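A quick write-up on the structure given underneath.
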Amino acid sequence: MIVPLLQAGDFPGLTKLAGQESGVAAILMQFLYDPGALLYWRALEGLGFVAGAHPEQVGKLINRLLYLLNEDSGSNGWGAAAALGEIGRGRIGLVKEIIPMFVGILAEPFSREPMLWGVGRLAEVQAELLDEVLPEIVPFLTSPEPQVRALAAWGLGKARYRPAAGAIQALTGDEHPVELYDRGRLLETTVGQIAREALTGLT
């Protein structure tokens with residue numbers, strides 16, 4: 001039942017199902033281990049919707065997500081960091097107290113890309129809560145990894161973080177190909193295209 005809803009991007013239907021079955025959020029967690037798949041991204045977004053409508057169901061998972069980001073877990077975390085941002089987008093009260101931890105999560109190479117995406121998603125609606133985090137993202141605009149540069153520019157653009165405008169401007173000619181899940185679609189794009197779009201929010 002959940003897979004067809006995710007494939008269709010039917011988040012209202014998913015939210016309705018979560019109201020009928022208490023285990024929906026936990027099942028969505030099972031999709032967070034295949035970052036290249038569309039279902040991975042849809043499950044992340046679904047967690048945000050379920051968090052908004054049924055916070056008690058998602059709140060139980062926060063400690064599990066943090067554990068996956070702890071090196072003692074033996075996991076590389078996969079979508080856990082991204083999920084924290086998306087859950088905060090849906091229901092900020094569930095993650096507000098742990099936002100300072102995002103800086104440490106960004107410092108770890110294995111969790112950097114998903115955390116950058118999660119911060120971008122959260123920044124679109126709650127940028128004012130990310131004052132400690134946003135300055136830490138600016139150095140990633142010069143990362144040797146195109147995906148990291150792109151996600152940093154994207155997130156800072158979503159946050160309308162003007163101090164980064166010059167560094168983002170410097171990326172507008174960067175034509176390295178990257179992938180980005182945004183507005184419900186998994187896009188094939190470039191660092192430069194993302195930088196140019198980010199700048200429109202900074203002018």
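Read-outs: derived from the displayed coordinates by stated rules, not from any lab. Just so it is clear, the model here is predicted, and its values are computed rather than measured. Quick reminder, even Gly has a Cβ in these numbers, built from the backbone with ideal geometry, and neighbours come from all protein chains shown.
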Based on a Kirkwood Rh over C-alpha pairs, give the Stokes-Einstein translational diffusion coefficient of the range 138-203 at 4 °C and viscosity 1.567 mPa s in µm²/s. 115 µm²/s
If one compares the long axis through the Cα atoms of helix 80-90 with the longest principal axis of the Cα atoms of the chain, the angle in degrees, nearest 10, works out at 80 degrees
Cα-centred dipole magnitude for the range 120-161, charges only on beta-carbon of K, R (+1) and D, E (-1), debye, nearest 20: 220 debye
Amide H neighbours of Val178 under 5 Å, at least 5 residues apart or on other chains, H built in the peptide plane: list them. Thr189, Thr190, Val191
Relative contact order as a percentage, the range 138-203, C-alpha pairs under 8 Å and 6+ apart, gives 38 percent
Reach of Lys96 by Cα under 23 Å, taken over lysines that are not fewer than 8 positions away in the same chain: Lys60, Lys158
Looking only at aspartates and glutamates whose Cα falls under 20 Å of Lys16's and that sit 8 or more positions away or on another chain, we get Glu45, Glu56, Glu86
Let me test this: with uniform point scatterers at the alpha carbons of the chain, what is the Debye-based log₁₀ I(q)/I(0) at q = 0.09, 0.18 1/Å? -0.31, -1.23
To the nearest 20 debye, the range 138-203 has a Cα-centred charge dipole, built from +1 on Lys and Arg Cβ and -1 on Asp and Glu Cβ, of 340 debye
Peptides 166-178, 44-56: what's the order by average Cβ count within 10 Å, highest mean first? 44-56, 166-178
Where does helix 11-20 land angle-wise versus the long Cα axis of the chain, in degrees 0 to 90, nearest 10? 30 degrees
What's the magnitude of the charge dipole for the chain around its Cα centre, counting Lys and Arg as +1 and Asp and Glu as -1 at the beta-carbon? Answer in Debye, nearest 20. 460 debye
